[in-house]
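The values are calculated or read from the model by the stated rules, or taken from the named source; none is laboratory data. Quick caveat, the model's predicted, so the values are computed rather than measured. Cβ: placed from backbone, ideal geometry, glycine included. Neighbour counts: every protein chain shown.
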Amino acid sequence: MTGDPGGFLDIDVEAAERWLLAFGLSVARPTAMLTVTPAFTRVEFTAFLRGAVASALALPMVPVIAFGLQRQGWSALGLVVLTGKEALIGFILGLLLGAPFWALNIAGDLLDAQRGATQGRINDPAGFGDVSITGTLLVMAALALFVVTGGLDTLTDLLYRSWAIWKPLESFPQLDARTPDLLLSFLDRITRQGLTLALPPITAMLLADAGLLIVARLASQLRIDDLALSLRNIVFMVFLPLYALFLIGFIRQDLGTLPSLMDLLRDAAPAGGAP
């Protein structure tokens, strides 16, 4: 205990240090999660705003971690290891939340390639290079649906469920033989979803190409090479409102599978013991 000469202000330096360390440890997981999640990167959230949101999400865990540090004690090396572990778990959670949006990016790239719009690419605000126009349109629409359909509640629930499974003051989750298969299946899931999302519009454009070939057989003076590109884009624009209904169903279904993915992660990487 230290105090001022008059005794008006007494500060427990050790308690203050413990609470500051608890806050720093608790904010590592949500910060890493929000840094990866497209909902907080594609809309040009600044690092300050992401940090504010991460701090608000972490506040309920600060007393828990502070009392745990008081009971167990701490060392500088142990805190560094725990912070790295928390950031890694947050990164994995961000990957889970970002999977639907990256699948839409893949679908947008495929659609732009099919309709001949690969030259029109724009910069990604998250700093991951350039992205397709259609992919950006689909992702921004999905972000709006994500917020409207309770995606932020799902994000919060996912974070707090992860704290219940992998506690902040425990060591790294125990990996087993299923962990590599889980990671590969996750990447396969993103690619498969991207192909599935792109299939309906691509099928419509291929049918339009087939119809143009039939017309060309009847009117050989037509130059289908010049008409094919315009026809694909017309079909795409006509098909886009119907595609939005399919997109809504996809977002809702994918958000509904997140709890089962958390259970799968818990089984594949059980919580560790004390550090």
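I'd like the full set of residues that are surrounded by 20 or more Cβ atoms within 10 Å (Cβ to Cβ), of a type outside the set (A, V, I, L, M) and in a helix (DSSP H, G or I), limited to region 32-53. Selection gives Pro38, Phe40. Out of all the residues in region 26-34, is one or more under 22 Å from Leu155 (Cβ atoms) and modelled with pLDDT under 90? The answer is no; no qualifying residue exists. Being surrounded by 20 or more Cβ atoms within 10 Å (Cβ to Cβ), assigned to a loop (DSSP other than H, G, I, E, B) and of a type in the set (S, T, N, Q) is a condition met by no residue of region 73-85.
Pairing each residue of region 238-249 that is free of Cβ contacts under 8 Å to residues at least 60 places away in the same chain and exposed (fewer than 12 other Cβ atoms within 10 Å of the Cβ) with any residue that is β-branched (Val, Ile, Thr) and assigned to a helix (DSSP H, G or I), provided the two are 6+ apart or on different chains, yields no C-beta distance under 7 Å.
For region 216-228, the candidate set comprises residues that are assigned to a helix (DSSP H, G or I) and among the hydrophobic types (A, V, I, L, M, F, W, C); within that set, the residue that is nearest to Leu96 (Cα to Cα) is Ala228. Looking across region 177-228, the residues that are over 19 Å from the mean Cα position of the chain (by Cα), over 22 Å from Arg115 (Cβ atoms) and either surrounded by 13 or more Cβ atoms within 10 Å (Cβ to Cβ) or at pLDDT 80 or above (or both) come down to Arg178, Thr179. Within region 229-275, the set of residues being part of a loop (DSSP other than H, G, I, E, B) and modelled with pLDDT of 70 or more comprises Thr257 only. One residue stands out in region 129-152 among those that are small (Gly, Ala, Ser) and in a helix (DSSP H, G or I): the one that is farthest from Pro201 (Cα to Cα), namely Gly151. When Glu44 is tested against (1) over 30 Å from Ile133 (Cα atoms); (2) charged (D, E, K, R); (3) modelled with pLDDT under 85, exactly one condition is not met: (1). Restricting region 1-25 to residues that are surrounded by fewer than 21 Cβ atoms within 10 Å (Cβ to Cβ) and small (Gly, Ala, Ser), the residue that is modelled with the highest pLDDT is Gly24. Here is the figure for region 164-215: residues that are among the polar types (S, T, N, Q), in a loop (DSSP other than H, G, I, E, B) and touching a helix residue (DSSP H, G or I) at 6+ places or on another chain (Cβ under 9 Å) total 1.
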